[in-house]
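What follows is a single structure, written as structure tokens, with notes after it.
The values are calculated or read from the model by the stated rules, or taken from the named source; none is laboratory data. Predicted model, so just to flag it, every value in this text is computed and none were measured. Cβ: placed from backbone, ideal geometry, glycine included. Neighbour counts: every protein chain shown. Only protein heavy atoms, including side chains, enter the accessible area calculation; ligands, DNA and RNA are left aside. Shrake-Rupley method; radii C 1.70, N 1.55, O 1.52, S 1.80 Å.
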Amino acid sequence: MNPLLARLQPYPFEKLRALVGAHAPNPALAPINLSIGEPKHPTPQLVKDALVGALDGLSAYPATAGTPELKEAVAGWLQRRYGIPRPDPLTQVLPVNGTREALFAFCQTVVASASSARVACPNPFYQIYEGAALLAGATPVYGEPADWSGVQLLYVCSPANPSGEVIGLPEWKRLFELSDRHGFVIASDECYSEIHFGAPPMGALQAAYQLKRVSYERLVVFSSLSKRSNCPGMRSGFAAGDAAILKSYLLYRTYHGSAMSLPVQRASIAAWNDETHVEENRRLYVEKFDAVLPILQRAFAAQRPDGGFYVWLPTPIDDAEFTRRLHREWNVLVIPGSYLAREAAGGNPGRNRVRIALVAPLAECVEAARRLVEFAGTL
């Protein structure tokens with residue numbers, strides 16, 4: 001067996017099951033699960049209709065590079081959304097089977113086999129970044145490195161999971177300058193970009209274009225339809241940016257067998273070409289935050305994120321103990337912040353926080369907030 005597998009840490013939800021599995025939750029209260037960032041709003045009818053109407057495509061092998069029509073749709077969306085020149089659909093856009101597998105596979109493409117290779121990622125972070133680094137034989141670096149030597153890949157996430165923070169133009173400028181100086185590639189995870197509460201978050205391609213980096217050197221962005229269009233089961237997204245890197249990435253994916261089925265490609269075209277359902281989806285999340293935050297703020301320092309659908313909530317006691325007791329006593333499931341981060345620079349930046357995903361129906365989110373406030377009164 002691959003010895004690198006032994007370096008992988010348990011996934012956060014595996015740890016969560018172990019934490020709460022030793023007790024039964026309060027049977028007098030209906031369960032509310034806000035631990036997993038799985039969208040629950042309805043999949044748009046236009047996407048379902050396009051999928052059903054393309055089922056004849058199941059009889060053909062799809063090309064890993066994707067159809068010209070899908071690549072054109074993605075390029076057009078990028079142009080409209082970010083105000084940038086239309087990326088070349090042939091060389092600067094690549095369909096992927098959701099951002100999870102794509103972000104993992106990208107690391108395997110970029111990182112050279114060397115014991116000194118390092119991969120930097122945010123802290124807290126999406127654990128796929130860490131697993132990708134470990135299985136590429138690299139050493140993960142949590143948070144910004146004090147020393148960039150050996151760093152071959154930097155993962156960034158904006159809006160961030162779990163904090164919801166957004167990277168602005170000055171920070172992008174600094175990251176691009178560091179990339180120029182040290183030669184590392186930037187992988188920008190932007191899967192939450194369409195859930196926001198004001199001005200749309202800046203994307204990495206947008207920042208690069210505004211800074212005259214028109215070829216997007218050493219930059220690839222990733223986005224998907226899972227959060228934007230409530231299609232997590234389709235596993236549909238894209239990578240876009242540096243044409244030379246995407247050429248190598250396509251070669252890797254061709255051998256990896258990572259091709260999107262033709263019906264999913266047709267449904268994806270319908271989704272990328274429509275914004276009405278995205279606006280309604282965003283309205284539903286705004287409604288939830290507007291209802292939930294005033295309740296939580298009676299007992300917690302709860303803040304609205306810049307983007308995404310998470311509340312990154314400070315806890316008055318240890319986050320794991322908070323999660324365990326909340327589930328046992330009030331039948332609300334969240335995830336400890338320390339499970340989403342690693343010890344670095346003398347501490348775990350997720351400690352004494354929990355991540356709350358406002359993905360359940362509005363009434364459940366409001367009820368969960370009320371239970372959280374009542375629970376806080378017992379601490």
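Within the stretch 42-81, which residues are buried (at least 16 other Cβ atoms within 10 Å of the Cβ), polar (S, T, N, Q) and farther than 15 Å from HIS277 by Cβ? Result: THR64, THR67. Within the stretch 18-41, track down each residue that is over 16 Å from VAL332 (Cβ atoms) and open to solvent by 90 Å² or more (accessible area, probe 1.4 Å). Listed by number, the list holds a single entry, ALA22. Restricting attention to the stretch 142-191, and to residues there that are β-branched (Val, Ile, Thr) and open to solvent by less than 20 Å² (accessible area, probe 1.4 Å), which single residue is nearest to ARG118 (Cα to Cα)? Going through the qualifying residues, I end up with VAL151.
Taking (1) surrounded by fewer than 23 Cβ atoms within 10 Å (Cβ to Cβ); (2) touching an Asp or Glu at 6+ places or on another chain (Cβ under 7 Å) in turn, SER226 satisfies each apart from (2). ALA302 meets the stated requirement of being open to solvent by less than 10 Å² (accessible area, probe 1.4 Å) and part of a loop (DSSP other than H, G, I, E, B). The number of residues in the stretch 215-248 being touching a helix residue (DSSP H, G or I) at 6+ places or on another chain (Cβ under 9 Å), in a helix (DSSP H, G or I) and either of a type in the set (A, V, I, L, M) or closer than 25 Å to GLN45 by Cα (or both) comes to 8. Within the set ARG266, ARG283, the sole residue that is part of a helix (DSSP H, G or I), open to solvent by 10 Å² or more (accessible area, probe 1.4 Å), charged (D, E, K, R) and closer than 20 Å to GLU72 by Cα turns out to be ARG266. Among residues belonging to the stretch 119-141 that are open to solvent by less than 10 Å² (accessible area, probe 1.4 Å) and touching a Ser or Thr at 6+ places or on another chain (Cβ under 8 Å), point out the one that is farthest from ALA199 (Cα to Cα). Here the residue is ALA133.
Restricting attention to the stretch 344-364, the residues that are touching a strand residue (DSSP E or B) at 6+ places or on another chain (Cβ under 8 Å) and either assigned to a loop (DSSP other than H, G, I, E, B) or modelled with pLDDT of 95 or more (or both) total 10.
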